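Colleague: Handing you this structure, nothing more for now.
The values are calculated or read from the model by the stated rules, or taken from the named source; none is laboratory data. Nothing here was measured: the structure is a model prediction, and the numbers come from that model. All Cβ positions, even for glycine, are placed from backbone atoms using ideal geometry, and neighbour counts span all protein chains on display.
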Amino acid sequence: MKPFSKLKPMGQDNSRKKDNVVYSSGGVDVVEYDGWHFINDKDMVVCLIYLIEENKFLLRMEYIPPFKFKDSDDYFLTAIGGSMEAGESTETAMLREIEEEAGIVIRPDFKIEFMKPLFVSKSNSAKYYPSIITLTERDYHEIKPTGDGSKYEEMSKTVKIDMQYLNSINPSDLITQYLVDKFKDYMNMNVN
């Protein structure tokens with residue numbers, strides 16, 4: 001059986017036909033390319049923020065319906081981040097996501113460094129642009145997080161976690177685990 005074989009092909013008059021979109025709904029496109037069917041999604045920025053003077057790092061406690069579909073938990077520990085909007089640079093997207101989700105406004109001349117981009121999975125064309133961001137008190141100020149306006153964003157929050165708990169947290173997804181492991185390396189805390 002072919003993947004997504006029960007999905008109906010899009011109409012011939014669709015202007016996205018050139019992209020070989022075989023299914024589209026709610027911002028999700030399934031594309032056929034070179035014999036593969038996969039999700040064509042927006043690239044995403046993700047980060048773990050370390051507040052030096054507070055000796056705390058920031059992650060999200062989020063309500064995520066796809067995770068809840070497979071797991072009975074209500075909230076999941078994830079990285080700060082989200083999708084890049086059309087025309088946005090990785091840095092602009094990261095600054096926007098940090099402000100929306102964490103209420104952290106980073107000073108304009110602060111340079112965000114990104115690690116190597118990583119594909120989300122074999123079945124998705126999107127890439128993650130990960131970053132570990134260390135901030136001193138001079139690098140930012142805090143405001144009330146605005147979120148993106150979705151009900152799920154309103155149900156979620158950014159949490160400050162004391163460094164003493166770094167080795168005991170249990171991230172809910174691979175990219176968050178990757179960022180936590182990279183942060184441990186950065187802090188020379190990885191124990192093999």
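Colleague: Scan segment 160-192 for residues that are over 19 Å from ILE106 (Cβ atoms), at pLDDT 95 or above and among the aliphatic types (A, V, I, L, M) and jot them down.
Modeller: ILE161, MET163, LEU166, ILE169, LEU174, ILE175, VAL180
Colleague: Next question. Can you tell me which residues in segment 70-103 are among the basic types (Lys, Arg) and more than 18 Å from LYS42 (Cα to Cα)? Reasoning before the result, please.
Modeller: Filtering segment 70-103 for residues among the basic types (Lys, Arg) gives 70, 96.
Matches in segment 70-103: LYS70 only.
Colleague: Here is a further query. Just give me the residues in segment 41-54 being surrounded by fewer than 17 Cβ atoms within 10 Å (Cβ to Cβ) and either of a type in the set (Lys, Arg) or modelled with pLDDT of 95 or more (or both), in sequence order. Reasoning before the result, please.
Modeller: Residues of segment 41-54 surrounded by fewer than 17 Cβ atoms within 10 Å (Cβ to Cβ): 41-42, 52-54.
Result: LYS42, ILE52, GLU53, GLU54.
Colleague: Counting just the residues of segment 92-126 that are among the acidic types (Asp, Glu) and exposed (fewer than 14 other Cβ atoms within 10 Å of the Cβ), which one comes out farthest from TYR33 (Cα to Cα)? Reasoning before the result, please.
Modeller: Let us first name the residues in segment 92-126 that are among the acidic types (Asp, Glu), namely 97, 99-101, 109, 113.
With the extra rule that they be exposed (fewer than 14 other Cβ atoms within 10 Å of the Cβ), the set shrinks to 109, 113.
Details: ASP109: 41, GLU113: 32 Å.
Filtering segment 92-126 for residues that are among the acidic types (Asp, Glu) and exposed (fewer than 14 other Cβ atoms within 10 Å of the Cβ), the one farthest from TYR33 (Cα to Cα) comes out as ASP109.
Colleague: Determine, yes or no, whether SER15 is buried (at least 16 other Cβ atoms within 10 Å of the Cβ), of a type in the set (Ser, Thr, Tyr) and either closer than 30 Å to LYS184 by Cβ or modelled with pLDDT under 95 (or both).
Modeller: Values: buried (at least 16 other Cβ atoms within 10 Å of the Cβ): no; of a type in the set (Ser, Thr, Tyr): yes; either closer than 30 Å to LYS184 by Cβ or modelled with pLDDT under 95 (or both): yes.
Judged against the criteria, SER15 is not a match.
Colleague: Which ones in segment 127-156 are of a type in the set (A, V, I, L, M), in contact with a strand residue (DSSP E or B) (Cβ under 7 Å, 6 or more places away or on another chain) and surrounded by fewer than 18 Cβ atoms within 10 Å (Cβ to Cβ)? It would help to see each step written out before you state the result.
Modeller: From segment 127-156, those of a type in the set (A, V, I, L, M) are 132-133, 135, 143, 155; that's our starting set.
Next, from what is left, pick out any that are in contact with a strand residue (DSSP E or B) (Cβ under 7 Å, 6 or more places away or on another chain): 132-133, 135, 143.
Of everything in segment 127-156, just one residue is of a type in the set (A, V, I, L, M), in contact with a strand residue (DSSP E or B) (Cβ under 7 Å, 6 or more places away or on another chain) and surrounded by fewer than 18 Cβ atoms within 10 Å (Cβ to Cβ), namely ILE143.
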